[in-house]
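The values are calculated or read from the model by the stated rules, or taken from the named source; none is laboratory data. These figures come from a predicted structure and were not determined experimentally. FYI the Cβ positions are ideal-geometry reconstructions off the backbone, even for glycines, and counts take in every protein chain you see. Only protein heavy atoms, including side chains, enter the accessible area calculation; ligands, DNA and RNA are left aside. Shrake-Rupley method; radii C 1.70, N 1.55, O 1.52, S 1.80 Å.
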Amino acid sequence: QVQLVESGGGLVQPGGSLRLSCTVSGFSLDYNPIGWFRQAPGKEREGVSCLMSSDGNTKYADSVKGRFTISRDKAENTVYLQMNSLKPEDTAVYYCGVPRRGDYFSVQAMCSRPFDMGHWGKGVLVTVSS
């Protein structure tokens, strides 16, 4: 059974930093991509950053390039999203997501097609406000 559990959300001031974690079970990150997505109230879910560990390929949304970094801890089967220089526009519920078994995506494709993901965590709220 595929399970994804996010943690690390909270309230942070503009310009601050936050690190999100996604612990994965029932799904191999050695061969499959994983991504961070976010959804603000009244807006569609969007891809933030996606990672394929097998080749190290990554994808970042234009709005977060240079500020966010995705990484993986192999030992803990956990993916992180380090968020720096946070802006109020970053306020959203952040989810980690992976494709359904048998579906294959490049990191570019999966970050542009969030609703094609098959498994999601419950999400964590990130609020950027002074």
Residues located in the range 83-130, provided they are under 14 Å from the mean Cα position of the chain (by Cα), open to solvent by 60 Å² or more (accessible area, probe 1.4 Å) and at pLDDT 95 or above = Trp120, Lys122, Leu125
Report, by residue number, each residue of the range 2-21 that is farther than 15 Å from Tyr94 by Cβ and in a strand (DSSP E or B).
-> Gln3
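Could you identify the single residue in Val5, Val48 that is modelled with pLDDT of 95 or more, closer than 17 Å to His119 by Cβ, open to solvent by 40 Å² or more (accessible area, probe 1.4 Å) and not polar (S, T, N, Q)? Lay out the reasoning, then the answer.
Details: Val48 fails: open to solvent by 40 Å² or more (accessible area, probe 1.4 Å).
Going through Val5, Val48 in turn, the sole match is Val5.
Residues Val48, Val2, Val64: which one is out of contact with any Leu (no Cβ under 8 Å at 6 or more places or on another chain), in contact (Cβ under 8 Å) with a residue 24 or more places away in the chain, closer than 18 Å to Trp120 by Cα and β-branched (Val, Ile, Thr)?
Numbers: Val48 fails: out of contact with any Leu (no Cβ under 8 Å at 6 or more places or on another chain); Val64 fails: closer than 18 Å to Trp120 by Cα.
Answer to the selection: Val2.
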